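To start, the structure itself, in structure tokens.
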Amino acid sequence: MRCLLVEDDEMIGESLRDALRRQALAVDWVRDGRAADAALASERFDAVLLDLGLPRRSGLDVLKALRARGDATPVIVLTARDALADKVAGLDAGADDYLVKPFELDELLARLRALGRRAGGRAETALQVADLRLDPATREVSRGSRAVLLSAREFALLHALMERPGAIISRAQLEDRLYGWGEELESNAISVYVHQLRKKLGDDRIHTVRGVGYYAGEPKG
Ligand code: CA
């Protein structure tokens, strides 16, 4: 999942970014409304975490402009206090959800998962591809009856592949999903994670299409 974090408070922004990255979400962080406009115009995000009180352009104006462009990217508004007017204005302007600061990281993660499910139109939380099963809510992965323990990045990579079983996902798309701007990235990082996943899951569930990308599921023969 790739998130845009729009937050001008350095301490809140840094701790949120680091916490989300530890969950292997790709996080891009901008600190004012104009930078948020630019990011939203040039990249696709799975979710936006939007502070309302921002320099240069308010979060509310950023949100209104986004919706006016017909962009339905899910937005969670972060309000500084339990201000009813802020919440109402945010929801009226097209926010999908809101959180009142300070909030627990677990709550934010649960809201993000809910947005992901709604965006994918899925009622079921767990993904199943052949005998592989992945549950984004509990972060449990199994092959058949065998539970498999994955690192956060391995989990994020497998999640990206299992969301679209059989579809070939390019290395660049996977890098986008796993890494935010400015994160150090070895050129072979994705192949290393694929290698580790195959060691843990067996080598017949994640397939390489040379020069194109990877897919999960039964081999295409
Ligand atoms: Ca602020």
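The values are calculated or read from the model by the stated rules, or taken from the named source; none is laboratory data. It should be emphasised that the depicted structure is a prediction, and the values quoted were computed from it without experimental measurement. We place every Cβ from the backbone using ideal geometry, glycine too, and count neighbours over all the protein chains shown.
Tabulated data for the structure shown
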{"item": "Test result for K101, within 16 Å of the ligand (Cβ to nearest atom), buried (at least 16 other Cβ atoms within 10 Å of the Cβ), more than 20 Å from the chain's Cα centre (by Cα) and farther than 30 Å from G217 by Cβ", "result": "no"}
{"item": "Residues located in the range 52-90, provided they are within 22 Å of the chain's Cα centre (by Cα) and more than 19 Å from L40 (Cβ to Cβ)", "result": "T79"}
{"item": "Residues satisfying the stated conditions in the range 53-84, i.e. touching a residue at least 24 places away in the same chain (Cβ under 8 Å), in a helix (DSSP H, G or I) and away from the ligand (no atom under 16 Å from the Cβ)", "result": "K64, A65, L66, R67"}
{"item": "Condition check for L115: touching a Leu at 6+ places or on another chain (Cβ under 8 Å), surrounded by 14 or more Cβ atoms within 10 Å (Cβ to Cβ), hydrophobic (A, V, I, L, M, F, W, C) and in contact (Cβ under 8 Å) with a residue 24 or more places away in the chain", "result": "no"}
{"item": "Neighbours by Cβ (under 7 Å, 6+ apart or cross-chain): first from the range 183-197, outside the structural domain of E14 (by TED's automatic domain parsing); second modelled with pLDDT of 95 or more and of a type in the set (S, T, Y)", "result": "V194/Y214"}
{"item": "Residue match in the range 17-28 (condition: out of contact with any Lys or Arg (no Cβ under 7 Å at 6 or more places or on another chain) and within 14 Å of the ligand (Cβ to nearest atom))", "result": "no"}
{"item": "Test: residue in the range 107-120 that is at pLDDT below 90 and more than 26 Å from R21 (Cβ to Cβ)", "result": "no"}
{"item": "Search result, residues across the range 20-46 that are under 13 Å from the mean Cα position of the chain (by Cα) and part of a helix (DSSP H, G or I)", "result": "L20, R21, R22"}
{"item": "Checking C3 against (1) part of a helix (DSSP H, G or I); (2) in contact (Cβ under 8 Å) with a residue 12 or more places away in the chain; (3) away from the ligand (no atom under 14 Å from the Cβ); (4) not acidic (D, E), the condition it does not meet", "result": "(1)"}
{"item": "Sole residue being within 15 Å of the ligand (Cβ to nearest atom), surrounded by 18 or more Cβ atoms within 10 Å (Cβ to Cβ) and either of a type in the set (A, V, I, L, M) or not assigned by TED's automatic domain parsing to the domain that holds G202 (or both), chosen from L132, L50", "result": "L50"}
{"item": "Residues being farther than 20 Å from K220 by Cα and either in contact (Cβ under 8 Å) with a residue 40 or more places away in the chain or of a type in the set (D, E, K, R) (or both) - total across the range 142-156", "result": "10"}
{"item": "Of all residues making up the range 18-37, the number that are basic (K, R) and either modelled with pLDDT of 95 or more or not assigned by TED's automatic domain parsing to the domain that holds P55 (or both)", "result": "2"}
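For (1) surrounded by 15 or more Cβ atoms within 10 Å (Cβ to Cβ); (2) not charged (D, E, K, R), each residue gets a yes or a no:
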site	(1), (2)
V148	yes, yes
L158	yes, yes
L174	yes, yes
R177	yes, no
W181	no, yes
G213	yes, yes
